[in-house]
Amino acid sequence: FFFPMQQTLAVVKPDAQEHKDAIIARIKEAGFNIAFQKETALTEELAQQLYTEHEGKEFYPQLVEHMTSGPTLFLVLSQEEAVDRFRFLMGPTNPEQAKEAFPDSLRAQFASDMLKNALHGSSNPDHAQEKIKAIFGDIEFNTDGTVKGMEPEL
Ligand code: DGI
């Protein structure tokens, strides 16, 4: 079998900025191609859009506040099954659980608590496409996962 190339959105949250390089190294080691990257401080509007699924929940205001508290690194990752593979690499939302059950996961290594949990990764391919568009605008991908019209990074 062969799986088509898929994209996911990975976000290094403000609490994990000091671990950016280590996180990028782990992502590359895991076989992802970083198709596109951008560092920016999220506006409240974009933070709300990123987490619109959680609107109305008790922790939503804190989540939006945290996501707008400093710079954030956005990565478009390409690989076969990128969405699920990145979620596996990230590990569970709760760092305690990550440390216990998935000690090699990024959150086991870099997350501080439930809110400052270092990373976000899209939960399904539709969300991935929608959020990539919100952050990066309209970009098209080649079948090998690189971005159309851009030279691949060596
Ligand atoms: O996709 P994940 O980030 O693993 O998890 P999610 O989509 O369920 O939740 C998105 C973010 O919202 C998560 O990274 C941290 C925050 N969050 C989720 N559940 C809780 C929470 N924050 C607090 N304080 N308490 C929660 O129960």
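The values are calculated or read from the model by the stated rules, or taken from the named source; none is laboratory data. Small disclaimer: the values here were computed from a predicted structure and weren't measured. Ideal geometry is used to build each Cβ from the backbone, glycine not excepted, and the neighbour counts take in all protein chains shown. Note: accessible area is taken over every heavy atom of the protein model, side chains too, but ligands, DNA and RNA are not part of it. Shrake-Rupley method; radii C 1.70, N 1.55, O 1.52, S 1.80 Å.
Quick notes
- For Gln7, the conditions (1) assigned to a helix (DSSP H, G or I); (2) under 24 Å from Asp144 (Cβ atoms); (3) open to solvent by 10 Å² or more (accessible area, probe 1.4 Å) all hold with the exception of (1).
- Considering only residues in the stretch 60-76 that are aliphatic (A, V, I, L, M) and within 24 Å of Ile34 (Cβ to Cβ), the one that is nearest to the ligand (Cβ to nearest atom) turns out to be Met67.
- One residue from Lys28, Lys57 being exposed (fewer than 15 other Cβ atoms within 10 Å of the Cβ), without any contact (Cβ under 8 Å) to a residue 40 or more places away in the chain, basic (Lys, Arg) and within 14 Å of the ligand (Cβ to nearest atom): Lys57
- All of Gln79, Gln97, Gln49 fail the test of being more than 10 Å from the ligand (Cβ to nearest atom) and modelled with pLDDT under 95, apart from Gln49.
- All positions within the stretch 112-154 that are under 13 Å from Ala16 (Cβ atoms), part of a loop (DSSP other than H, G, I, E, B) and open to solvent by 10 Å² or more (accessible area, probe 1.4 Å): Ser112, Asp113, Leu115, Lys116
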